[in-house]
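Read the structure below first, then the notes.
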Amino acid sequence: MNVGSGLDDLIQHLERTTRLQRGEVERVVSEILAYFSESAEEFVARRHAELQAEDHKNDAIFDQISVELRQRRFTAPEFTPRQIRRLIYG
């Protein structure tokens, strides 16, 4: 993993406060960043495929995904300055 700016302090903190070595900490941080960078659309497609592979029916899958979506945090889309302005002022 290429440690970006702002993450080196986190990596060092985790090295000091856990028994993990730097390479292990970097891998964990990389996994966490990947987890939180998944878009809602990517999550829905992935979970649908996983639940189908477990032989769940679509009605049950849709209900399960709906519940899971409310419990997850997703990456915000990239907004243009105009879109940000419209979010603030309507």
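Rule-based calculations on the coordinates, nothing more; no lab input. Small disclaimer: the values here were computed from a predicted structure and weren't measured. All Cβ positions, even for glycine, are placed from backbone atoms using ideal geometry, and neighbour counts span all protein chains on display.
Descriptive notes on the structure:
- Positive-end residue of His48, Leu87, Leu69, charge dipole of the chain with Cβ unit charges: Leu87
- Three-way shape call for the chain based on the alpha-carbon gyration tensor, with the a/c threshold at 1.5: oblate
- Cα-based helix-to-principal-axis angle, 40-53 vs the chain, degrees rounded to 10: 70 degrees
- Volume of the Cα convex hull of segment 39-90, divided per residue and given in Å³: 93 Å³
- Mean residue ellipticity (222 nm) of the chain, computed from DSSP H runs ≥ 4 via -39,500 (n - 2.57), nearest 500: -22000 deg cm²/dmol
- Sparsely packed chymotrypsin sites (Phe, Trp or Tyr not before Pro) within segment 1-50, loop by DSSP, other Cβ within 10 Å at most 15: none
- Annotation note: trypsin sites (Lys or Arg not before Pro) in segment 1-76 located in DSSP loop regions with a Cβ neighbour count of at most 10 within 10 Å are Arg19, Lys57, Arg73.
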